[in-house]
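Enquirer: What follows is a single structure, and I will ask about it in a moment.
Computed from the coordinates by the stated procedures, all read-outs in this text should not be read as laboratory data. None of the values given here were measured: they were computed from a predicted structure. Note that we place each Cβ from the backbone using ideal geometry, even for glycine, and neighbour counts take in every protein chain shown.
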Amino acid sequence: MSMLASEPVKVAEESVFRRVLLLIARHRMLSVTVLLLVFPLFMPYTSLAINILVLGLYAVGFNLMFGYAGALSFGHAAFLGMGAYGCGIAFVKFGIPWLPSIGIGVLVATALAFVMGYLAIRTRGIYFAMVTLALSQLVYYTVFQARTWTGGDDGLRGVNLAKINLVGFEFNFLNPTVRYYVIGAFVLFALWLLSRILESPFGAVLEGLRENEARARACGYDVSRARLIAFTLSGMFCGLAGALYALHLSIVPIETLHYTMSGLAVMMAILGGMGTFFGPFVGAATILLIEDLVSLWTVHWQLFVGAIFIVFVLFFPKGIWGSLLERLRL
Amino acid sequence: MDLLLTQLATGLALGSIYVIVGLGLSLIFGMLHVVNFAHGAFFMVGGYVGVFVFAKTGNFWFSLVAVPLVVGVIGMAVERVLIRPLYGRNIDDPLLLTFGLSYIFVEVIRITFGLEGIPFGTPRELRGAVDIGVGFIPLYRIFLVALTAAILIALWLFLEKTSYGLIVRAGARDPEIVRVLGIDISRVWLFVFGLGTGIAGLAGFLSAPIQSVNPDMGVPVLAEAFVVTVVGGMGSLVGSVVAGLLVGVVVSITSLFAPDMARVSIFILMAVVLLVRPQGLFGRKGAMG
Amino acid sequence: MKSEKKTIAGISRRNLLASAAAVAALPVLPSMPYITRAAAQDTGPIKIGFPVPLTGPFATEAQDQVRAAQLAVKEFNDAGGANGRQCELLVRDDKLNPGEAATRTLELIEKDNAHFICGTLSAAVQLSVNNVTKARGVIYVSISQSDKISEASDASPVTFHEAVNPHLMSSAVARYAVGKFGKKAVCLVSDYAYGHENLRGFQRAGQPLGLEILADLRHPLGQTDYSTFLPRIAALKPEILFLANFGADLVNSVKQATDFGLKDRMKIVCPTLLYTSRIAGGDEAFEGIAGAAPFYWGIEDKIPSAKTFNDKFKAAYGGRYPSDYGAMGYSGIRQILDAVKIAKTTETKAVAAAIRALKYDYYKGPQYYRACDQQSVQSVFVLESKTKNKRNQYDVFDVVVTEAPDEKRLRTCEELGHKT
């Protein structure tokens, strides 16, 4: 009796949920905007929300190469790191204002991505992953040794942005809420740009490439060129993430360039759902949130992170977001 | 000049550790097309199992036999329960799964044996240094070179001269044909995974007299193992051997002339090799896309 | 297909707009704690944020830091606190990662409204925490080694360096070893700030004593195999081998130097001879190794405050002996709380002034802060590892030198870039 009564209600609930999710998937920019606005409310603290924004953007940038162009890179920490160092060094050592400093960070990362891509693009599969890993290790080593500019292993300190002037108003950048919305605006802009790129003919070429490289080649596309462009763009987004990271934390740790950071991008993208627009963001939020919360009550937080990876691979192979989308389409 | 020769000799001894470390990874990848990110964790577990067995029995040689067996069985259990459902799926899936698994292994070891690691001395019968004509090298390092050679010969004999080895090799080339011939290929894979992880565990125990054991000891090993297998060509056993020794010598010679570049030198080596020969020294073209 | 999309979008857009409107005002909320921060200063519990590397290679030391810090907090609270205000220790895992540490420090300041920060165990991590606290004017007592943090570029009126620093430790080792064991030395240096700073300190203190450095070999941080360095060191035939590396790197290099037979031919010394490393490395590997330490429980024979601290620590933790880094954690927390009692407030300026004026002796003899860089002037001990005549299994060192606190042993204020 009660079961019969509850049944229709449940269906209705499910369909609302389903509709909201579909809406998010289809109206990317509208939903991203709304989500970004309310996101800090659901987070334990604002600085963590900013980390998720920044590393989420990093994962999204990585996913452009991995999920859309179909090439696994283990060297993306180089772009995150050089974005951060580029911005940080411009700001600290040259006294350049923060806004152009961000631009410099992005430029440095993009240029590096072009060079690394140019060298690595002719390898495939796991070898591509390893070439990018090796090249990013060279970047790590160079930055580590260039102590006068980078601070070496002590990290670059003093990226202290206290006040910013926007549209005639002065904002206190040390206030976490201000910091969140300023950085959020950049992330929003980057996502909009990415969304446009994916909807452009170039986005279609990329997907064609991932699905069937031979056919794309047969259709007359310059596959190597498309991959190189994707890699460079991917580096650009990661560079922006790095520059924002530097301003948020007010330091650039050498760990930003470490290969574990490259690994983190891979894990965030796969866990969230590679090749989906929001997947990497969901992955970033999941990993960072779990690490943060679980490490508050046990030092054995890695046990939980490990178990979650295993459970998701076994039961939700398309990642969290990818699996959700797939369910909705059933 | 003497110094250079000693350095070459230590390089080869160091290389033999790289060889065993890379071997298991390459074996599993070559046969199963699984990129095992838990390789370093199996290495670490091997170290702990060995130190534990040694503490109980006091016999180094017995521990040496027990470690690959125990770790191999753990590996087989992992293959059966966790990896097997993933065959036929995207190559990223086992990668993420084994990555998660390595976290769990490390944490379980921390909970069981504590955070600080356990000291482990060189076994009594293998202590001391030997004069090799150009300088002194610890006896234990020479033992490592000999043991590596023995493992390689045994593995080669097994793969080339036994009928089971034939099935393994055939399974790597074309699993479908093997299946059609009525052979249960999943049992072959189970065995290969056990073999690969067992060798990783053995390598962990062998490095215990050099660096003792601690929960994080597998982390650098994973990167080194990947460099070795990739430089040699993923899936090529000959490649692992050559690349392992090469990496050892490169690290050793760099330590002599530019010691602070010792770590990065292996990545420079990898970048150069892959840029010249994208499939690695002995890799088949087209493997892994 | 197309019509379906339209209806779904149509219905949900209305819902969405409604909920969007509802939450539009909410983003203001998270900023509230930050705004009310100043007001919350002088009521409620005294909150001290304590970021330490609970996971990672220094987890053992970090656990001891927490134990000792909790001991200081418990003492304070049991004695009635300050003006009835109790202390609350907020322990966070910095994962030995400067980025994580910065985030955690932001959490402690922005969300938890921590009044003070104390902690960390790594040069890079403490500099990162310091960067965050400095910009926000929050008191930070650092309990980890670094030369850099005292330099004008990083120092701050609200940063106090309670820990010893590489300069102090390595120079103590040089004063002990150079001459006594010979004058020709090879330095095996971990290639990062800690290694470089120690090499500099060893060199400078050794020079007047006739130290001749035959070679300084840099090895990458986290090296596990030293076989490629050791034959060369043997060939150079030094009388002293100075190992400027830390933690697991020290344990591994000492162990392998033993295997390569270097110990019979030269004296091995290191700038930081950690109690936990010594226990983890075992008797055999550490036999004959000398080095400096900020604290070792065995100094209790001569220093009463050490005896008091050891006894309290053992009573609280089932007979366990405190480690060096743990002891610094105790001192870091206790001085903050003593300063709060003196200042009768948690207000930053008053507490900082009180810490600056402290003359304290909590665990190792008298200490005070030098005015220019707020580095704690303190005693340093040189230890010889021992394997025989042990009182118990934790009795692993002989204290061979006690260097009394002396500003002259620190680098000068001018050299650090401070105006005098």
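Enquirer: So what are the radius of gyration and Dmax for the Cα set of the stretch C:270-420, in Å?
Expert: Expressed in Å, the Cα Rg and Dmax of the stretch C:270-420 come to 17.2, 52.
Enquirer: Of C:SER128, C:ALA174, C:ALA163, which is farthest along the charge dipole of the stretch C:117-183 in the positive direction, counting Lys and Arg as +1 and Asp and Glu as -1 at C-beta?
Expert: Working it through, the farthest residue towards the positive pole turns out to be C:ALA174.
Enquirer: Continuing with the same structure: Decide, for the stretch A:205-330, between rounded, prolate and oblate: order the square roots of the alpha carbon gyration tensor eigenvalues as a ≥ b ≥ c, take rounded if a/c falls under 1.5, and otherwise choose prolate if a/b is larger than b/c, else oblate.
Expert: Because a/c hits 1.5 or more and a/b fails to exceed b/c, the stretch A:205-330 counts as oblate.
Enquirer: Follow-up question, since we're still on this one. Taking a ≥ b ≥ c as the square roots of the eigenvalues of the Cα gyration tensor of chain A, is the shape rounded (a/c under 1.5), prolate (a/b larger than b/c) or oblate?
Expert: In terms of gyration-tensor shape, oblate.
Enquirer: Going from the alpha-carbon gyration tensor of the stretch B:2-276, what semi-axes, largest first and in whole Å, does one get by taking the root of 5 times each eigenvalue?
Expert: Taking √(5λ) for each Cα gyration eigenvalue gives 30, 22, 19 Å.
Enquirer: Given 25 °C and 0.890 mPa s, how large is the Stokes-Einstein diffusion coefficient of the protein assembly as shown in µm²/s, with Rh as the Kirkwood radius over Cα pairs?
Expert: Stokes-Einstein gives a translational diffusion coefficient of 81 µm²/s.
Enquirer: What is the list of residues in the stretch C:274-315 whose amide nitrogen lies under 18 Å from a point 7 angstrom out from the Cα of C:ASP361, following Cα to Cβ?
Expert: The answer is C:295-312, whose backbone nitrogens lie closer than 18 Å to the label point.
Enquirer: On to the next question. Under 19 Å Cα-Cα from C:LYS344, which aspartates and glutamates qualify once same-chain neighbours fewer than 8 residues away are excluded?
Expert: C:ASP42, C:GLU75, C:ASP78, C:GLU88
Enquirer: If you don't mind, another one. Take the cross-link list C:LYS267/C:LYS364; C:LYS74/C:LYS111; C:LYS47/C:LYS95; C:LYS148/C:LYS364; C:LYS184/C:LYS390; C:LYS237/C:LYS408 and give me the ones stretching past 26 Å between alpha-carbons.
Expert: Listed pairs above 26 Å: C:LYS267/C:LYS364; C:LYS184/C:LYS390; C:LYS237/C:LYS408.
Enquirer: With no other cysteine's Cβ closer than 4.7 Å, which Cys residues of chain C count as lacking a disulfide-compatible partner?
Expert: C:CYS87, C:CYS118, C:CYS187, C:CYS270
Enquirer: To continue, here is another question. Pulled fully out, how much extra length does the chain show between A:LEU41 and A:VAL167, if you take 0.36 nm times their separation in residues and subtract their Cα-Cα distance?
Expert: Between A:LEU41 and A:VAL167, full extension yields 42.8 nm more.
Enquirer: Might you report the magnitude of the Cβ-based charge dipole of the protein assembly as shown about its Cα centre, with Lys and Arg at +1 and Asp and Glu at -1, to the nearest 20 debye? The partial results should precede the final answer.
Expert: Working: 90 positive and 75 negative charges, 299 e Å.
The dipole magnitude comes to about 1440 debye.
Enquirer: Continuing with this model, one more query. Send over the per residue convex hull volume for chain C, Cα only, as a whole number of Å³.
Expert: So the per-residue Cα hull volume is 194 Å³.
Enquirer: Separation between the C:THR387 and C:LYS341 pseudo-spin-labels, each 7 Å from Cα along Cα→Cβ, expressed in nm?
Expert: My value for the distance between the label points is 4.6 nm.
Enquirer: How big is the dipole moment of chain C about its Cα centre under a simple scheme where the beta carbon of each Lys and Arg is +1, that of each Asp and Glu is -1, and everything else is neutral? Debye, nearest 20, please.
Expert: Working: 52 positive and 45 negative charges, 156 e Å.
Using only the charged Cβ atoms, the result is roughly 740 debye.
Enquirer: Between B:ILE132, B:ILE142, B:ILE266, which gets the highest mean-square fluctuation from a Gaussian network model of chain B, Cα cutoff 10 Å?
Expert: Sorting by GNM fluctuation, first place goes to B:ILE132.
Enquirer: Quick check: from the Cα gyration tensor, does the stretch C:167-293 come out rounded (a/c under 1.5), prolate or oblate?
Expert: rounded
Enquirer: Using a Gaussian network model of chain A whose springs link C-alpha atoms within less than 10 Å, name the residue from A:VAL54, A:VAL20, A:VAL313 with the highest mean-square fluctuation.
Expert: In this elastic network of chain A, the residue with the biggest mean-square fluctuation among A:VAL54, A:VAL20, A:VAL313 is A:VAL20.
Enquirer: Report, in order of residue number, the helices in chain A meeting two criteria: a C-alpha extent of 18 Å or more along the helix axis, and a mean Kyte-Doolittle hydropathy of at least -1.0; treat each whole DSSP H run as one helix. Walk me through the numbers on the way to the answer.
Expert: Working: long enough: A:2-26 (36 Å, 0.59); A:46-63 (25 Å, 1.58); A:77-93 (22 Å, 1.35); A:98-120 (32 Å, 1.83); A:125-145 (31 Å, 1.24); A:176-199 (34 Å, 1.26); A:223-249 (39 Å, 1.24); A:259-272 (20 Å, 1.57); A:279-297 (28 Å, 1.43); A:301-315 (21 Å, 2.49).
Span-like helices in chain A: A:2-26, A:46-63, A:77-93, A:98-120, A:125-145, A:176-199, A:223-249, A:259-272, A:279-297, A:301-315.
Enquirer: C:LYS302: which aspartates and glutamates have alpha carbons under 19 Å from its alpha carbon, excluding same-chain residues fewer than 8 sequence positions away?
Expert: Within the straight-line cut-off, C:LYS302 pairs with C:ASP311, C:ASP324, C:ASP361, C:GLU384, C:ASP395, C:ASP398, C:GLU403, C:ASP406.
Enquirer: Another question about this same structure. Mind checking which aspartates and glutamates have their C-alpha under 13 Å from C:LYS263, skipping anything on the same chain fewer than 8 residues away?
Expert: By straight Cα distance, C:LYS263 reaches C:GLU239, C:GLU284, C:GLU287.
Enquirer: Looking only at other chains, what is the average number of their beta-carbon atoms within 10 angstrom of each beta-carbon in B:216-223? Mind dumping the intermediate values first?
Expert: On the way: counts 6, 3, 0, 4, 5, 1, 0, 5.
Mean number of neighbouring Cβ atoms from other chains: 3.
Enquirer: Taking a spot 7 Å from the Cα of C:ASP42 along the direction of its beta carbon, which residues of the stretch C:60-81 have an amide N less than 19 Å from it?
Expert: Counting backbone N atoms under 19 Å from the label point, the list is C:81.
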